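Participant: First the structure, then my questions, so here it is.
The values are calculated or read from the model by the stated rules, or taken from the named source; none is laboratory data. Keep in mind that what you see is a predicted model, and the values were worked out from it rather than measured. Please note: Cβ atoms are built from the backbone with ideal geometry, for glycine as well, and neighbour counts cover all protein chains shown. Accessible surface is based on the protein model in full, side chains and every heavy atom, while ligands, DNA and RNA are left aside. Shrake-Rupley method; radii C 1.70, N 1.55, O 1.52, S 1.80 Å.
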Amino acid sequence: MSETVVHLAADRPVYTGIGEALRTDYFLIRRDLSPIELDYLDRTRAFVHSEVLPVINSYWERAELPLDLFRRVGELGLVGDGISGYGCPEMSATAAGLVAMELHRGDGSLGTFVGVQGGLAMRSIAMHGSEEQKQRWLPAMARCEKLGAFALTEPRHGSDSVTLETQAQRVGDEWVINGAKRWIGNGATADVVVLWARDTEDLQVKGFLMEKGTPGYDARVIEGKVALRALWQADIDLVDVRVPGANQLPGVHNFKHVAEVLKATRASCAWAALGHAVAGYDAALAYAGQRMQFGRPLARFQIVQEKLVQMLCDVTAMQLYCLRIGRLDDAEGMSDTIAALAKLNNTVKARGVLAEARNLLGGNGILLENHVMRHMCDIEAIHTYEGTETIQTLLVGRDITGYGAFT
């Protein structure tokens, strides 16, 4: 691929071509990536530039699913979140993070779709499913021929997910499930839903694979969202839903096994937040160089340079967080609290970077065509899901002090 080089002060080159280091890679992190990781990064970036950015604003504005884009990420071999085998593309945890970062740099709905598909639904099956379940679902889900959902959150239990109330009762060779779920990504469209419920006998959380068309499963798309508008979340009612015993996840015996899945996805949220921040910073930097005010470009004003440098400081710190958690995950050294700290830091920093980008673009910052306001809205969803800033703080606080400040 060709590269575009813009020479700035002191003849410092800034690479802006697809496949080359972006001007946001100030600490030259590309040099620490393996050839395979670079390939995932560049392929995803090329897809975002050529296929996502030209069309995504209209999908977001209409709150419409970009199903063709969803299918394309499967065709391009970008879905699997590091799962080994079963038709999943071989990728390190760092490579999976880079894919998540670039997809979110394009659009939060697309990135979140892949997070639900690979990081939650597929990972649950890969970690806790039977061999038959893995063979049946994972290859088709990796190609995005079959869509998945992860139904954990409930109307009365968001951050307090461990106390979920949905009940599963064993009746002969089946499980009968009753309850409700909320904010379930892909919940209204999925071919298979990874459904979490509490066993009425031993009161432990169990996992089930509920297939599309199962009677008693009623999913309604949540309307009125101003974040992740191109992804549908659902309210779900479960009334005497019968799931065959063969569809129970045999590796799940309590909530600890749910937490094992969530640990990995919490880390991916840090990568996602970085993608949104990079999009905002890059848009602000480009705009400052082009927008003329008072006879000169905004980039020549000292206060604008100060704001851009502070944004770059935050973006660079986020990149270093992500590279470190990727390497730790690859070495099986990731902990819940390390993931929590990374998610906390990056979502907070990303919100600040995007707010500043919105500010630097002035009135034009609210236009979708400038790709800032959409990211500013979407980061609000990432700030909340997989545990709010407050929850992440309490998790890390308990770890460093030894005292639990919540029940």
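Participant: Could you state how much accessible area His49 has, in square angstrom rounded to the nearest 10, with a 1.4 Å probe and all protein chains kept in place?
Facilitator: Around 80 Å² of this residue is reachable by solvent.
Participant: Once every DSSP H run of n ≥ 4 in the chain is given -39500 (n - 2.57) and the sum is divided by its residues, what mean residue ellipticity at 222 nm do you get, rounded to the nearest 500 deg cm²/dmol? List each step's numbers first, then the result.
Facilitator: Values: 12 runs with 183 residues, N = 407.
That comes out to -15000 deg cm²/dmol.
Participant: Size of the dipole of the stretch 289-407 about the Cα centre, Lys and Arg at +1 and Asp and Glu at -1 on the beta carbon, nothing else charged, in debye to 20?
Facilitator: Values: 12 positive and 13 negative charges, 130 e Å.
Approximately 620 debye in magnitude.
Participant: Taking the Cα centre of the stretch 139-296 as the origin and placing charges on Cβ (Lys, Arg +1; Asp, Glu -1), which of Phe255, Ala230, Val278 is farthest toward the positive end of the dipole?
Facilitator: Among Phe255, Ala230, Val278, the one farthest towards the positive end of the dipole of the stretch 139-296 is Val278.
Participant: Order Glu332, Glu51, Glu369 by their accessible area, 1.4 angstrom probe, all chains in place, largest first.
Facilitator: Sorted descending by solvent-accessible area, the residues read Glu332, Glu369, Glu51.
Participant: Show Glu90, Glu64 ordered by accessible area, largest first, where the area counts protein heavy atoms only and the probe is 1.4 Å. Provide the component values of the computation, followed by the final result.
Facilitator: Working: Glu90 120, Glu64 70 Å².
Ranked from most to least accessible, the order is Glu90, Glu64.
Participant: Using +1 at the C-beta of Lys and Arg and -1 at the C-beta of Asp and Glu, which of Ala299, Ala126, Leu38 has the Cα lying farthest in the positive direction of the dipole of the chain?
Facilitator: With unit charges placed on the Cβ atoms, the residue in question is Ala299.
Participant: Please list log₁₀ I(q)/I(0) at q = 0.11, 0.16, 0.23 Å⁻¹ for the stretch 146-268, using the Debye equation with identical point scatterers on the alpha-carbon positions.
Facilitator: These q points yield log10 I(q)/I(0) values of -0.34, -0.74, -1.53.
Participant: For the stretch 250-386, what is the per residue volume of the convex hull drawn over the alpha-carbon atoms, in cubic angstrom? Each step should come with its number before you reach the end.
Facilitator: Working: hull volume 14.5 nm³, N = 137.
Roughly 106 Å³ of hull volume per residue.
Participant: Rounded to whole Å, give me the distance from the Cα center of the stretch 282-327 to that of the stretch 224-250.
Facilitator: Rounded to whole Å, the Cα centres lie 40 Å apart.
Participant: Continuing with this model, one more query. With every protein chain in place, what's the accessible area of Arg43 (1.4 Å probe, Å², nearest 10)?
Facilitator: Rounded to the nearest 10, that gives 80 Å².
Participant: Another question, then. At 30 angstrom or more along the helix axis (alpha-carbon based) and mean Kyte-Doolittle of 0.0 or higher, what helices does the chain contain? Whole DSSP H runs only. Please list the in-between numbers first.
Facilitator: On the way: long enough: 255-290 (52 Å, 0.43); 302-330 (42 Å, 0.27); 336-360 (36 Å, 0.11).
Helices meeting the criterion: 255-290, 302-330, 336-360.
Participant: Dipole size in debye (nearest 20) for the chain around its Cα centre, Lys and Arg Cβ +1, Asp and Glu Cβ -1?
Facilitator: Working: 41 positive and 50 negative charges, 194 e Å.
Its charge dipole is roughly 940 debye.
Participant: Hey, another quick one. Any chance you could list the semi-axes, whole Å, largest first, of the equivalent ellipsoid that the Cα gyration tensor gives for the chain, using √(5λ)? Write out the running numbers ahead of the final one.
Facilitator: On the way: eigenvalues 293, 88, 84 Å².
Ellipsoid semi-axes (Å, largest first): 38, 21, 20.
Participant: Express in nm, to one decimal, how much length is gained between Ser58 and Arg72 on full extension, taking 0.36 nm for each residue of separation and deducting their alpha carbon distance.
Facilitator: Values: separation 14, 0.36 × 14 = 5.04 nm, distance 1.78 nm.
This chain segment gains 3.3 nm when fully extended.
Participant: What does the C-alpha gyration tensor say about the overall shape of the stretch 275-322? Classify as rounded when a/c is under 1.5, otherwise prolate if a/b is larger than b/c, or oblate. Write down the numbers at each step before the final one.
Facilitator: Details: a/c = 4.92, a/b = 2.15, b/c = 2.29.
Oblate is the answer for the stretch 275-322, as a/c is 1.5 or above yet b/c matches or exceeds a/b.
Participant: Let me ask something else. Looking at the chain as a GNM with Cα springs under 10 Å, which of Cys88, Cys269, Cys313 has the largest mean-square fluctuation?
Facilitator: It is Cys313.
Participant: Compute the orientation-averaged projected area for the stretch 89-164 from the convex hull of its Cα atoms and round it to one decimal in nm².
Facilitator: On the way: hull surface 25.1 nm².
One quarter of the hull surface, i.e. the mean projection, equals 6.3 nm².
Participant: Across all directions of projection, what mean area in square nanometres is found for the Cα convex hull of the stretch 30-178? Could the numbers behind the result be given before it?
Facilitator: Working: hull surface 44.3 nm².
Averaging across all directions leaves 11.1 nm² for the Cα convex hull.
Participant: For the chain, modelled as a GNM with alpha-carbon contacts under 10 angstrom, which of Gly245, Gly148, Gly363 fluctuates the most?
Facilitator: Comparing Gly245, Gly148, Gly363 in the GNM, the peak value goes to Gly363.
Participant: Ok, one more. For Leu312, Leu53, Leu28, what's the largest-to-smallest order of accessible area, 1.4 Å probe?
Facilitator: Numbers: Leu312 25, Leu53 45, Leu28 75 Å².
Heavy-atom accessible area, descending, gives Leu28, Leu53, Leu312.
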